[in-house]
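Could you have a look at this structure, given as structure tokens, before my questions?
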Amino acid sequence: MPKNPLLLLQQGKPLSRRKLLALGLAGVGVTGAALAGGNALRLALPGLNKKQTQPVRVPPVASDISVDPSGVNPMTVLRDFDYGTIKQENGRKIREFRIVAENSMLQLNSAVSFNTWTFNERVPGPTLRAKEGDRIRVLFLNQGGHSHSMHFHGFHRSEMDGVRPVRHGAATIYEFDAEPFGVHLYHCHTEPVTRHIGKGLYGMFIIDPPESRPPADEMVLMMAGYDVDEDRKNELYAFNGLPDYYMMHPIQIYQNQLIRLYVLNMIEFDVAATFHLHANMFQVYRTGRTLTPTEETDVITMGTAERHILEFSFRYPGKYMFHPHQDQMAEHGCMGQFEVIGSA
Ligand SMILES: [Cu+2]
């Protein structure tokens, strides 16, 4: 933690996201004794987190497939990695992320709209990414109308565990070292957790190993369920937020190029889901905790919050489905397809 967190927050650059600009954040409450007395505080939580590109060939993504006015859709979520903002403090590298919880209406299909709870106006929240050993600092502002929090998987101290609710209008700082390397997650841990996750407050947290993995076309696929009628059962399912999106808009990939998939099962109410890929086998790196694969298969089972790295490439051009083999989940939205583009 910096000596003076207020100073840190005041140094934040101006807001760049439309909604944050409109929030008028002066004088919001800040939790924690170290932040007390913040009446004059101008808490700027900009969306300035930088993105980095992967050193591989990625097919161009059509720009006209957005279905959400914000421009966030599963195709955007797919390869969008938030590396935060790098700061140097006392000779130490800090990777700072800024997260705001809000609400927004999401059109799940032509008949169903759903009031989601969002991190940075997205469901799922941004994919946060760091290297093992980085100091992580998350500036969290809750504008969601309900109490929320951010609980990260991985090693950290008790006070950074994110189980304490942060009330509406308040902010807090989570700070810890990124360890161990692997594919992790974060989610709101306010009770009932099923509801807070089911409403959309979850995201992936990737910690890269000290020596990077080989270059690949990297993407994230997060499976989730939607309890539309609040009967504690899911009526709809999705990859990266929207039911059936990748069936209507296949994910284009290149033939014979290594694909690295970061997969997460965030489905509440159903005890487990599998991930199955057609016409192929994938190498499994359980929880992303190894540098060499632990098995090869074409169906892997994940309980809620389980996640893995899967690697594969396709030999033949064409369209290939992926879906949980709990087929009723697939039939209700958790289904997509890769479109393999032949090498010239
Ligand atoms: Cu919450």
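None of the figures in this text is laboratory data; all of them are computed from the coordinates on show. Everything quoted here is computed from the prediction, not taken from an experiment. Positions of Cβ are backbone-derived with ideal geometry, glycine not excepted, and every protein chain shown enters the neighbour counts.
For Lys199, list the aspartates and glutamates whose Cα falls under 16 Å from its own Cα; do not include residues on the same chain fewer than 8 positions away.
Excluding near neighbours in sequence, the set is Glu102, Glu121, Glu191, Asp227, Asp229, Glu230, Asp231, Glu235, Glu268, Asp270.
Same structure again: Return the sequence-ordered ³J(HN,Hα) values of region 119-127 in whole Hz as given by the Karplus equation 6.51 cos²θ - 1.76 cosθ + 1.60 applied to θ = phi - 60°, using x for Gly and Pro.
9, 6, 6, 9, 10, x, x, x, 7
In addition: Lys319: which aspartates and glutamates have alpha carbons under 16 Å from its alpha carbon, excluding same-chain residues fewer than 8 sequence positions away?
Asp244, Glu339
By its C-alpha gyration tensor, with a ≥ b ≥ c as the square roots of the eigenvalues, how is region 276-344 shaped: rounded for a/c under 1.5, else prolate for a/b larger than b/c, else oblate? Please report the intermediate quantities before stating the final value.
Details: a/c = 2.46, a/b = 1.11, b/c = 2.22.
Taking the square roots of the gyration eigenvalues as a ≥ b ≥ c, region 276-344 is oblate.
With a cut-off of at most 16 other beta carbons within 10 Å, and DSSP calling the residue loop, which GluC sites (Glu not before Pro) in region 65-141 qualify? Please list them.
Working: sites: Glu89, Glu96, Glu102, Glu121, Glu132; in loops: Glu121, Glu132.
Taking region 65-141 and a limit of 16 other Cβ atoms within 10 Å, the loop GluC sites (Glu not before Pro) found are Glu132.
Right, something else. For region 252-301, with equal point scatterers placed on the C-alpha atoms only and solvent neglected, what are the log10 I(q)/I(0) values from the Debye formula at q = 0.32 1/Å, to two decimals?
Per q value, in the given order, log10 I(q)/I(0) is -1.36.
Which ³J(HN,Hα) values, rounded to whole Hz and listed in residue order, are derived for region 221-238 from phi using the Karplus coefficients 6.51, -1.76 and 1.60 in 6.51 cos²θ - 1.76 cosθ + 1.60 with θ = phi - 60°, glycine and proline given as x?
For region 221-238, the Karplus-derived couplings read 10, 10, 8, 9, x, 10, 8, 5, 9, 6, 9, 6, 9, 8, 9, 10, 9, 7 Hz, x marking Gly and Pro.
Further, regarding this structure: So what does the Cα-only Debye profile of region 85-197 read at q = 0.13, 0.21 Å⁻¹, as log10 I(q)/I(0), no solvent term?
Treating every Cα as an identical point scatterer, log10 I(q)/I(0) equals -0.52, -1.18.
Antiparallel DSSP bridges in region 198-266: what percent, to the nearest 5? Don't skip to the end; give the middle numbers.
Working: 5 of 12 bridges.
If I count the DSSP bridges inside region 198-266, around 40 percent turn out antiparallel.
Follow-up. Step through the residues of region 318-323 one at a time and calculate ³J(HN,Hα) from phi using the Karplus curve (6.51 cos²θ - 1.76 cosθ + 1.60, θ = phi - 60°), rounding each to whole Hz and writing x for Gly and Pro.
For region 318-323, the Karplus-derived couplings read x, 9, 9, 6, 9, 5 Hz, x marking Gly and Pro.
What does the charge count near Asn234 come to, summing +1 for each Lys or Arg and -1 for each Asp or Glu among other residues with Cβ under 13 Å from its Cβ?
-4
For region 178-253, what does the alpha-carbon gyration tensor say about shape, rounded, prolate or oblate, given a ≥ b ≥ c as the root eigenvalues, a/c under 1.5 as rounded, and a/b over b/c as prolate?
Details: a/c = 4.70, a/b = 1.35, b/c = 3.48.
Note, shape of region 178-253 comes out oblate.
Tell me, what does the Kirkwood hydrodynamic radius of region 192-335 come to in angstroms if you use every pair of distinct C-alpha atoms?
Values: mean 1/r = 0.0636 Å⁻¹.
Evaluated on region 192-335, it is 15.7 Å.
Please work out the Cα convex hull volume for region 304-344 and give it in Å³ per residue.
Working: hull volume 3.9 nm³, N = 41.
Spelled out: Cα convex hull of region 304-344, divided by residues, is 94 Å³.
For region 127-285, restrict the atom set to alpha-carbon positions and state the Rg and Dmax in Å.
Every Cα atom of region 127-285 included, Rg and Dmax give 17.2, 49 Å.
Moving on. Run through region 294-343 and list the trypsin sites (Lys or Arg not before Pro) located in a DSSP loop whose Cβ has at most 13 other Cβ atoms within 10 Å.
Values: sites: Arg307, Arg315, Lys319; in loops: Arg315.
Of the trypsin sites (Lys or Arg not before Pro), the ones in loops of region 294-343 whose Cβ has at most 13 other Cβ atoms within 10 Å are Arg315.
For region 92-164, which trypsin sites (Lys or Arg not before Pro) are both in a DSSP coil and crowded by at most 11 other Cβ atoms within 10 Å?
Details: sites: Arg92, Lys93, Arg95, Arg98, Arg122, Arg129, Lys131, Arg135, Arg137, Arg157; in loops: Arg157.
Sites meeting the loop and neighbour criteria: Arg157.
Say each of Glu296 and Val163 gets a label point 7 Å from the Cα, pointing the same way as Cα to Cβ; how far apart are those two points in nm?
About 4.2 nm, to one decimal.
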